[in-house]
Amino acid sequence: MAGDQGKLKEIAALKKNYQFRLLVDDAHGFGTLGKTGAGAGEEQGVQDEIDLYFSTFAKSMASIGAFMAGDKAIIDYIRYNTRSQIFAKSLPMPITIGNLKRLELLKTKPELRKKLWDVVGKLQKGLKESGFDIGRTDSPVTPVYMKGDVPEATAMVMDLRENYNIFCSIVVYPVIPKGHIIYRLVPTAVHTDEDIELTLQAFRETKKKLDAGDYKVQAIPDMAEASA
């Protein structure tokens with residue numbers, strides 16, 4: 001949620017003393033972390049210690065669908081015993097072919113991942129230099145921590161979307177304590193320096209509005225009506 005990686009190295013080390021299987025849900029790590037984009041396990045040097053690896057095509061692949069990798073016996077057991085798998089439809093063929101092409105690009109176009117991290121570095125550096133708290137993120141997921149309630153957060157994110165053309169998701173209570181807001185930005189390899197500067201300017205301006213109480217509302221704004 002906050003962009004920081006799980007402590008896989010420390011958890012994997014416990015396997016020397018305890019008998020357990022390690023399952024990693026690496027939604028944001030797959031395709032972005034590690035020398036080849038294989039994920040957080042590769043980034044932390046414990047890829048071989050992961051018994052079950054789960055991730056999605058909806059993040060770095062910009063598609064839909066997901067996958068699980070592991071020993072054949074375990075995967076076969078899951079395939080024939082998990083109700084959500086048994087009664088799920090297969091992905092449409094165009095989506096499947098698209099995902100295979102994306103995997104091919106991940107393997108053959110390392111410059112895309114390099115460009116992503118260039119954008120990530122500039123955005124996160126710019127936010128910190130502008131006085132924003134982005135926590136301890138060490139991934140492309142870029143949280144921006146602020147103070148405010150749920151209606152304020154909703155009004156601010158609507159302002160960002162409708163008037164600044166900046167899309168970001170918000171994290172509010174009960175996921176985090178009352179009175180706190182997290183705005184989650186996820187830069188991509190296709191963002192430009194201009195996009196980064198526009199984003200920084202938008203956050204500087206909307207932060208001033210938040211501090212001035214401009215987003216104080218009696219009820220959560222209806223985004224559907226606002227954009228209609």
Folded to 0 to 90 degrees: helix 110-129 orientation relative to the chain principal axis, Cα: 40 degrees
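Based on the mean of other Cβ atoms within 10 Å per residue, sort peptides 47-55, 4-12 so the most packed one is first. Please list the in-between numbers first.
Values: 47-55: 17.4, 4-12: 15.7.
Taking the mean over residues of other Cβ atoms within 10 Å, the ranking is 47-55, 4-12.
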Which label in (1) -0.93, -1.28; (2) -0.81, -1.40; (3) -0.81, -1.24 gives the computed log10 I(q)/I(0) by the Debye sum over Cα atoms at q = 0.13, 0.17 Å⁻¹: (1)
Links that overshoot a 22 Å alpha carbon limit, given the list K7/K207; K125/K216; K59/K114; K147/K208: K7/K207; K125/K216
Gained length - E10 relative to S90, 0.36 nm times residue gap less alpha-carbon distance: 25.2 nm
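Rounded, prolate or oblate for the range 83-131? Axes are the square roots of the Cα gyration tensor eigenvalues, ordered a ≥ b ≥ c, and the cut-off for rounded is a/c under 1.5.
Working: a/c = 4.87, a/b = 1.97, b/c = 2.47.
Oblate shape, in that a/c is at least 1.5 and b/c is the bigger or equal ratio.
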Angle between the chain longest axis and helix 72-81 axis [Cα atoms, degrees, rounded to 10]: 70 degrees
Sites D51 and Q201, calculated FRET efficiency, Cβ-Cβ separation with R0 35 Å, nearest 0.05: 0.15
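Give the shape of the range 78-162 as rounded, prolate or oblate, defined through the alpha-carbon gyration tensor: a ≥ b ≥ c are the square roots of its eigenvalues, a/c under 1.5 means rounded, and otherwise the shape is prolate if a/b is larger than b/c and oblate if not. Can you show the working numbers first?
On the way: a/c = 2.59, a/b = 1.50, b/c = 1.73.
Judged from the Cα gyration tensor, the range 78-162 comes out oblate (a/c at least 1.5, b/c at or above a/b).
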Ordering of 114-125, 187-198, 149-160 by burial proxy (mean other Cβ atoms within 10 Å per residue, highest first): 149-160, 114-125, 187-198
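May I ask you to compute the full-extension gain from S130 to I64, defined as 0.36 nm times their residue separation minus their alpha-carbon distance, rounded to one decimal in nm? The partial results should precede the final answer.
Values: separation 66, 0.36 × 66 = 23.76 nm, distance 3.48 nm.
Length difference between fully extended and current span is 20.3 nm.
So how strong a dipole does the chain carry about its Cα centre when Lys and Arg Cβ are +1 and Asp and Glu Cβ are -1, to the nearest 20 debye? Let's see the in-between values first.
Values: 31 positive and 30 negative charges, 119 e Å.
The calculated dipole for the chain is roughly 580 debye.
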Residue among Q201, Q44, Q85 with the largest mean-square fluctuation in a Gaussian network model of the chain, springs linking Cα atoms under 10 Å: Q85
Where trypsin sites (Lys or Arg not before Pro) fall in DSSP loop in the range 139-209, at most 12 other Cβ within 10 Å: K178
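Once the piece of chain linking Y173 and A212 is laid out straight, how much longer is it, given 0.36 nm per residue of separation minus the C-alpha distance between them? Kindly include the intermediate steps, with their values, before the conclusion.
Numbers: separation 39, 0.36 × 39 = 14.04 nm, distance 2.16 nm.
Computed gain between Y173 and A212 is 11.9 nm.
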Unit charges at the beta carbon, dipole of the chain: most positive-side option, I64, P143, V120: I64
Angle in degrees between helix 150-164 and the longest Cα principal axis of the chain, rounded to the nearest 10: 90 degrees
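Coordinate-derived values only; no laboratory data. The model shown is predicted, which means the values in this text are computed figures rather than measured ones. Note that we place each Cβ from the backbone using ideal geometry, even for glycine, and neighbour counts take in every protein chain shown.
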